[in-house]
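Here the structure is laid out as C-alpha cells; the discussion comes afterwards.
The values are calculated or read from the model by the stated rules, or taken from the named source; none is laboratory data. Because the structure is predicted, anything quoted here is derived from the model rather than measured. Here the Cβ positions follow ideal geometry from the backbone for every residue, glycine too, while neighbour counts run over all protein chains shown.
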C-alpha cells in the first residue's frame, strides 16, 4: 500500500512541479504581450489541466524514482530558485506579475517532495530486493512514535516557513519583510522553532544493515532521521582507524561514511559482514592483505 500510494503521489507531484514551472515561465517570458488579458483563474485552470496530463504521463515511466533522484536532483531544486532573484529585481511587490513569479517559486515545494518521495521509494525497493546478513546499532538509536511525530512536525514547520517567505516576498517584497516588524518577528519565531526541532535530541545514533546488495543506514543527526542504501558497487572499500569504521566512496567530497567504533553494538559482526564484499583500505586508499593483518 505504501509503495502504490507513494508512487501515485510522486506522479502527481511531478505533474504539479512541471506545470507550475511551465505556466509561470511562459507567462513571464511573454509578460508584456499577455499582461493586458492575463487571468489568474484561467492560468490556474490551464495549470491544473497540464498537471493532470503530466501526472498520467509520469505514471507510465518505469523507474521514475531512480530518475528523479539521479543527477537531475540539483536541477529539480535549482529551477524554482531562479524565481527568487526575479522577485527581488523585477516586479512591483503585490502586482500580478509578482504573484505569477511567486507561484513559480512555489514549485520548490513539490520539487522537494518529488526528490524526497523518490528517494524513499528507491531505498524501499532496494531493501525489499536485498537479503539481510547482519544488523547492528551505533549509539542511542531508537525509532519510536514520539520521534516520528517530531520528524513530521519539523517537516511541516520547514514547509510553512518556506511558504511564508515566498508569500511575503510576493506581497510586500524582500525589503518589506524588514520594514514591518510583525512579519520579521513571525519569521524569527518560526526559525527559532525550527532550530529547536533540529536540536531536540542528544541521543543521535544509527542502525546499519549489511545485505547482499549493499549497506542500509538509518541515521539520526540532531534528532532528524535520514535513510540511505549504499550499493557495494558504489564503494571502494572500508577502512578502520583508531576511532571509526569507515565506508569509502570513490569521490572527492563526502568520500567516507564513518561510525564511532566505541558506539557500535557488535563491531566484529559488522566488519565480518562488510569484508565479505569490500576490501580493507589503508589511509592512502590502497588494499590491505587481511590474511596478514587482522581488522582488530
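Looking only at region 247-265, count every residue that is farther than 19 Å from residue 220 by Cβ and surrounded by fewer than 19 Cβ atoms within 10 Å (Cβ to Cβ) and tell me the total.
6
Across region 100-124, what is the total count of residues that are in a helix (DSSP H, G or I) and within 24 Å of residue 48 (Cα to Cα)?
Count: 17.
Determine which single condition residue 123 fails, assuming it passes every other condition in (1) crowded, with 16+ Cβ neighbours inside 10 Å; (2) at pLDDT 90 or above; (3) out of contact with any strand residue (DSSP E or B) (no Cβ under 7 Å at 6 or more places or on another chain).
Tallying (1) crowded, with 16+ Cβ neighbours inside 10 Å; (2) at pLDDT 90 or above; (3) out of contact with any strand residue (DSSP E or B) (no Cβ under 7 Å at 6 or more places or on another chain), residue 123 fails exactly one: (3).
One line per residue, one yes/no per condition, for (1) at pLDDT 95 or above; (2) in contact with a strand residue (DSSP E or B) (Cβ under 9 Å, 6 or more places away or on another chain); (3) exposed (fewer than 15 other Cβ atoms within 10 Å of the Cβ); (4) under 24 Å from residue 122 (Cα atoms):
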residue	(1), (2), (3), (4)
39	no, no, yes, no
43	no, no, no, no
49	yes, no, yes, no
62	no, no, yes, yes
65	no, no, no, yes
68	no, no, no, yes
72	no, no, yes, yes
78	no, no, yes, yes
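Considering (1) part of a helix (DSSP H, G or I); (2) surrounded by 14 or more Cβ atoms within 10 Å (Cβ to Cβ); (3) modelled with pLDDT under 90, say which one residue 97 fails and leave the rest.
So residue 97 meets the others, but not (3).
Could you check how many residues of region 233-292 are within 17 Å of residue 135 (Cβ to Cβ) and in a helix (DSSP H, G or I)?
Of the residues in region 233-292, 10 are within 17 Å of residue 135 (Cβ to Cβ) and in a helix (DSSP H, G or I).
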